[in-house]
Amino acid sequence: MYQRLIQTIAALSIPGICAGLYAQSSVERPAYVLESLQLSRQSSSGHFINTSTRLDVRSTRLIDLISKAYDTPTLLIFGLDSKVAESRYDILAGYQPKPGEAVNSHELLRGLLAEQFHITAHLESRTVAVYAMTVAPGGVHFSTSAVQSGRIDSDDHSFAGYGVGMRFVATDLSDTMHAIVVDRTALSGRYDLIFTWQPNMDKATNIAIIRQAAEQKLGLVLEPTEAPAESLVVDHVELAQR
């Protein structure tokens with residue numbers, strides 16, 4: 001069941017899932033200053049560093065850049081041609097905050113995508129199968145972080161987040177599990193959390209393994225359910241050619 005939002009949302013600066021969209025707007029917003037951008041010659045994932053002062057990505061798919069910018073799982077991003085979605089980029093950019101300026105790394109990435117790819121999009125609410133992420137009865141097994149600029153390093157067998165919010169954790173786990181994870185923890189801070197697992201080629205088995213590891217090592221429960229989720233529908237994008 002789909003419910004299209006009444007209007008396309010213009011450029012906001014609110015962090016969180018699908019926040020900060022997407023129409024052409026005269027609103028001035030912070031963005032990374034581009035140093036280099038080119039189509040990647042690699043076919044496998046490189047690395048992704050996104051802080052309040054630095055963007056350094058190698059061999060990263062456009063759909064993953066959009067996912068990171070808007071804290072939206074790739075499973076909830078629609079409207080991209082598969083060739084466009086899978087196009088990979090190497091990007092270097094930086095930002096020098098003004099004295100006392102508080103900037104969000106996701107907002108900086110959103111600004112760069114708007115400038116370089118001219119993305120416009122809208123939100124749609126869909127009721128879908130999800131894994132609701134909540135705190136286990138015994139509480140979480142990780143600590144509040146002193147890091148203000150979040151960073152996540154993850155692959156098919158491990159997750160390490162430093163200075164990250166729980167929405168960002170849910171987004172990254174969604175892509176790792178190939179299933180939609182939504183944050184229901186009510187945790188509003190930034191945290192450092194690390195856990196590993198032994199991956200399995202079978203998707204259902206792998207999800208079960210990750211769920212067990214997340215609960216045992218992090219104190220996070222991933223419970224299957226159905227819930228409304230905001231999806232991002234891309235109306236327009238222009239591939240950067242450099």
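The values are calculated or read from the model by the stated rules, or taken from the named source; none is laboratory data. All figures in this text were calculated on a predicted structure; none of them were measured in a lab. Backbone-built Cβ (ideal geometry, glycine too); neighbour counts: all protein chains shown.
Look at A213 and say whether it is more than 15 Å from D155 (Cα to Cα), in contact with a Ser or Thr (Cβ under 8 Å, 6 or more places away or on another chain), small (G, A, S) and surrounded by 16 or more Cβ atoms within 10 Å (Cβ to Cβ). When the stated conditions are applied, A213 does not pass them.
Conditions first: (1) on the phi > 0 side of the Ramachandran plot; (2) without any contact (Cβ under 8 Å) to a residue 12 or more places away in the chain. K83 passes all but one, so which condition is the exception? Exception for K83: condition (1).
Taken over segment 208-242, the criterion of being without any contact (Cβ under 8 Å) to a residue 60 or more places away in the chain and out of contact with any strand residue (DSSP E or B) (no Cβ under 7 Å at 6 or more places or on another chain) is satisfied by A208, I209, I210, Q212, Q216.
When segment 150-193 is filtered for residues that are within 14 Å of the chain's Cα centre (by Cα) and hydroxyl-bearing (S, T, Y), the ones remaining, listed by number, are S154, T171, S174, T176.
Hey, can you tell me all the residues within segment 182-193 that are modelled with pLDDT under 95 and β-branched (V, I, T)? Selection gives V182 alone. Just one residue in the set T53, T72, T60 is modelled with pLDDT of 85 or more, in contact with a Lys or Arg (Cβ under 9 Å, 6 or more places away or on another chain) and either loosely packed, with under 15 Cβ neighbours inside 10 Å or closer than 20 Å to A170 by Cα (or both); that residue is T60. Condition (residue is touching a Ser or Thr at 6+ places or on another chain (Cβ under 6 Å) and in the same structural domain as L218 (by TED's automatic domain parsing)) applied to segment 135-150: is it met by at least one residue? The answer is yes; a qualifying residue exists.
Restricted to segment 104-133, and to residues that are charged (D, E, K, R) and over 18 Å from the mean Cα position of the chain (by Cα), which residue is farthest from A170 (Cα to Cα)? Per the criteria, the residue is E115. Could you tell me whether any residue of segment 107-130 is closer than 30 Å to K217 by Cα, out of contact with any Phe, Trp or Tyr (no Cβ under 9 Å at 6 or more places or on another chain) and assigned to a loop (DSSP other than H, G, I, E, B)? No, every residue in segment 107-130 fails to be closer than 30 Å to K217 by Cα, out of contact with any Phe, Trp or Tyr (no Cβ under 9 Å at 6 or more places or on another chain) and assigned to a loop (DSSP other than H, G, I, E, B). Among residues of segment 186-203 being aliphatic (A, V, I, L, M) and out of contact with any strand residue (DSSP E or B) (no Cβ under 6 Å at 6 or more places or on another chain), the one that is surrounded by the fewest Cβ atoms within 10 Å (Cβ to Cβ) is M201.
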